[in-house]
1. For the pair Glu185 and Phe22, how long in nm is the line joining their label points, each one 7 Å along Cα→Cβ?
2. In Å³ and rounded to a whole number, note down the convex hull volume per residue for the Cα atoms of the chain.
3. Once the whole set of protein chains is in place, how much accessible area is left on Tyr403, using a 1.4 Å probe, in Å² to the nearest 10?
4. Just to confirm my numbers, what's the Cα centroid distance between the range 106-177 and the range 50-68 in Å?
5. Per residue of the range 482-491, what does 6.51 cos²θ - 1.76 cosθ + 1.60 with θ = phi - 60° give for ³J(HN,Hα)? Whole Hz please, x for Gly and Pro, Karplus curve as stated.
6. Which order do peptides 333-339, 600-606, 686-692 fall in by mean Cβ count within 10 Å, highest first?
7. Can you order the peptides 618-628, 708-718, 446-456 by their average number of other Cβ atoms within 10 Å per residue, highest first?
8. Which ³J(HN,Hα) values in Hz, rounded to whole numbers, follow from the phi angles of the range 389-395 under the Karplus curve 6.51 cos²θ - 1.76 cosθ + 1.60, where θ = phi - 60° and Gly and Pro get x?
Amino acid sequence: MSVGQSIHHDSAVGHVTGTSIFIDDRAPLKNEVYVGVIGAPLSCGQILKVDFSEALKIPGVIAGFTGLDIPHNKWGTIVPEQPVLAYEKVAYYDEPVALLACASEDIFMSAKKLVQINFLETPALLSIDEAMKMDSYLCKAKPFVRGDVESELKKSTHILKGVFECGGQEHFYMESQATIAYPLENGQIEVHSSSQHPTETQHVVAHTLGLDYSQVVCIVKRMGGGFGGKESQAAHFAAMAGLVAYKLNRPARLALSKDDDMMMTGKRHPFKNFYEVGFDQDGMITGLKVIIVANGGAYVDLTPSILDRAMFHMDGCYYLPHCYIEGNAVRTNQHSNTAFRGFGGPQGNMTMESIIEDIANFLKVDAYLIRSKNLYGINERNMTPYNQEVENNVLPEIFESLYKSSHYEVRRKEINLYNVKNSGKIRGLSMTGAKFGIAFTTNFLNQGNALVNVHLDGTVQVSTGATEMGQGVNTKMQQIAAGAFGIHHKKVVVMPTSTEKNHNTSPTAASSGADINGAAVLKACESIKATLRWVFMNLHTEVQYDGIKTMPVLDLNQDLSHIDFINGEVIDTKNKTKMDFVTLLNKAYLNQFSLAGYAFYKTPDLGFDKLTGTGRAFNYFTNGAAVSEVEIDSFTGELKVLRVDILMDLGRPINPGIDRGQVMGAFTQGMGWVTTEKLFYHEKGKLLTHSPTTYKIPNIQDTPREFNLDFLPNDTNTRNVLRSKAVGEPPLLLGSSVWTAIKNALSYKSKNNLPAITSPATNEVILMELSSYDD
């Protein structure tokens with residue numbers, strides 16, 4: 001049985017041997033052109049003229065294009081307001097404004113310096129505060145309201161007011177935005193893209209060029225990382241390549257450098273959240289009021305949906321009897337911020353965890369006590385602020401189990417003694433949790449389809465709308481199909497994602513790629529198996545039609561559940577007969593039965609009402625908790641993560657090995673977001689940290705010295721394929737435990753003051769906070 005086994009990633013060998021093919025690895029064609037993108041030299045203003053004349057004098061420079069050359073120059077996942085190429089107004093620094101089609105990348109690098117852009121600069125809004133002051137709002141969401149928070153706050157024993165700030169984050173995928181467009185006959189275009197959303201890429205390319213959707217095919221073999229950065233923002237780069245290919249009738253390759261990719265694309269949304277929390281002397285939260293303000297950047301992109309998810313996750317793992325949660329997003333002159341692993345959830349969850357840490361500091365108790373008191377309950381205190389029940393709640397079990405397995409109590413005593421020594425270093429310890437809702441909050445996206453073709457040699461091809469970006473979704477599809485047919489997983493091949501085979505697909509996002517597409521794969525396999533079971537039972541039954549002996553008409557209403565597919569055989573457990581799987585396939589084929597299955601799946605029973613702010617927003621929750629211990633050098637602010645213990649509820653994992661990698665990778669990425677990954681901008685708005693030399697993702701020295709991970713056994717999730725749970729995003733939220741551990745360490749020095757750090761807590765931020773304390 002393949003399901004539940006830690007088989008290796010289907011591309012593992014290719015990756016380690018360097019034979020995996022990514023977009024820019026595709027062999028160039030004879031008349032192919034390189035498409036170079038030129039960004040705007042200002043953050044806000046008007047473009048008066050783009051002059052290609054000097055650049056076109058260089059041999060090998062074929063053509064230049066601006067927004068004026070595009071039939072339809074507006075695109076956007078939610079609101080079609082963003083230009084493919086800005087041509088009237090510039091909304092952020094390095095926004096794409098022009099293209100050069102050249103014979104090579106080297107020629108482009110020389111020629112782009114000769115392109116003259118004349119512009120009129122106007123004042124820019126470069127921060128949340130500036131945008132709020134100018135009333136520059138991109139969108140606002142209907143608040144979640146429960147009870148009477150204002151009255152409850154007035155009655156509360158204690159009240160804390162504060163501001164939580166967290167910065168953005170660069171996706172830093174290994175493969176930058178890349179696409180190749182091939183012009184075909186009859187005005188068709190074939191696009192190979194590093195995209196999480198082939199359907200949107202297909203649609204944006206078609207719309208940009210004025211073509212029908214059926215004239216464009218988008219193919220995605222794999223991505224060298226995505227993390228949300230290629231959910232929406234791969235589409236307009238594909239449109240740029242498509243434009244050049246269509247205009248010149250030549251293959252067009254666009255592959256951004258890491259610098260250009262970082263400067264031109266959106267990031268995780270920075271947030272500034274204003275809160276007021278009431279609680280009693282025991283630390284029970286009585287009321288919470290939060291005003292969320294997100295920096296959406298220049299265009300809408302996916303900001304409304306990201307804002308929604310931030311609101312959905314503002315409660316964290318904790319029950320709020322009275323609450324008011326309001327969401328706002330401002331429009332600034334920065335790159336259009338976009339999807340990033342967690343999709344707003346980390347910003348909301350981390351706000352709550354920071355508040356919990358402050359309550360504990362105020363009451364002079366361990367924060368674990370506050371967390372355990374306020375956790376969602378079982379059969380009571382189990383309704384979210386948006387009125388969805390937390391079903392099969394394992395949060396109390398996770399917190400208690402991890403508290404014991406991590407030896408939290410013993411380590412707290414050791415840290416108390418260590419910090420009394422005043423050795424020039426201080427340590428901190430903190431446990432945080434994650435209750436991550438699984439489903440697209442835009443309900444129509446909760447759908448998928450799969451095509452399964454079974455060949456006469458017993459091998460299987462599977463096609464879905466899921467896209468592989470390293471997370472192992474193809475391997476899980478492989479295991480689901482192999483498990484369904486009772487064959488070895490190596491007999492199943494997952495094909496490149498293509499819009500001609502799987503149309504109208506949803507993005508591989510919201511941690512639901514394996515859920516939705518896996519359910520469709522299983523459904524398609526079951527339809528084929530139903531036919532094969534009937535053939536198996538009726539092989540020796542003949543009827544005559546017009547004097548010709550043949551098998552009866554297919555009847556799928558019979559109960560044939562006693563026929564199983566196990567280890568390459570089809571076994572009738574009732575009648576004690578069996579047949580080789582391949583033999584049965586050939587007999588079905590010779591008797592003219594289809595060996596292909598197409599299935600459509602939609603997530604059932606979802607129903608969140610945005611007008612009332614209530615309803616079932618999620619199919620289920622993936623839960624987890626992490627305990628992090630940190631050490632800080634009091635003289636330099638240097639941070640070391642000494643130990644991390646994680647306990648995750650992933651239901652019944654389809655592939656424990658892949659899930660283990662996802663949990664550790666997501667945690668590390670979350671840890672980087674809250675510690676080292678600081679985005680710096682020039683006063684004019686240009687991103688300065690646009691390369692590995694200036695932007696610090698975690699390296700091996702930043703990872704925990706001791707890293708422990710365990711899974712909570714849980715077979716209760718009947719709402720998902722094979723009782724599994726999604727894993728892609730939820731563990732990232734646990735990275736905040738490192739940040740709250742930093743706050744805890746600082747509390748040993750801050751005396752009666754609450755540590756007032758922002759995120760990311762870089763060494764500089766930590767040192768400045770320490771410097772503000774009296775010795």
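The values are calculated or read from the model by the stated rules, or taken from the named source; none is laboratory data. Remember, it's a predicted structure, so these values are computed and weren't measured experimentally. Counting neighbours? That spans all protein chains shown, and the Cβs are built from the backbone with ideal geometry, glycine included. Accessible surface areas use protein heavy atoms only, side chains included; no ligands, DNA or RNA. Shrake-Rupley method; radii C 1.70, N 1.55, O 1.52, S 1.80 Å.
1. That separation, rounded to one decimal, is 3.5 nm.
2. Values: hull volume 136.8 nm³, N = 775.
Convex hull of Cα atoms, per residue: 177 Å³.
3. 60
4. 35
5. Once θ is set to phi - 60°, the couplings for the range 482-491 become 4, x, 5, 8, x, 10, 5, 4, 6, 7 Hz.
6. 333-339, 686-692, 600-606
7. The most tightly packed comes first, giving 618-628, 446-456, 708-718.
8. Residue by residue, the range 389-395 yields 6, 7, 7, 6, 5, 10, 4 Hz.
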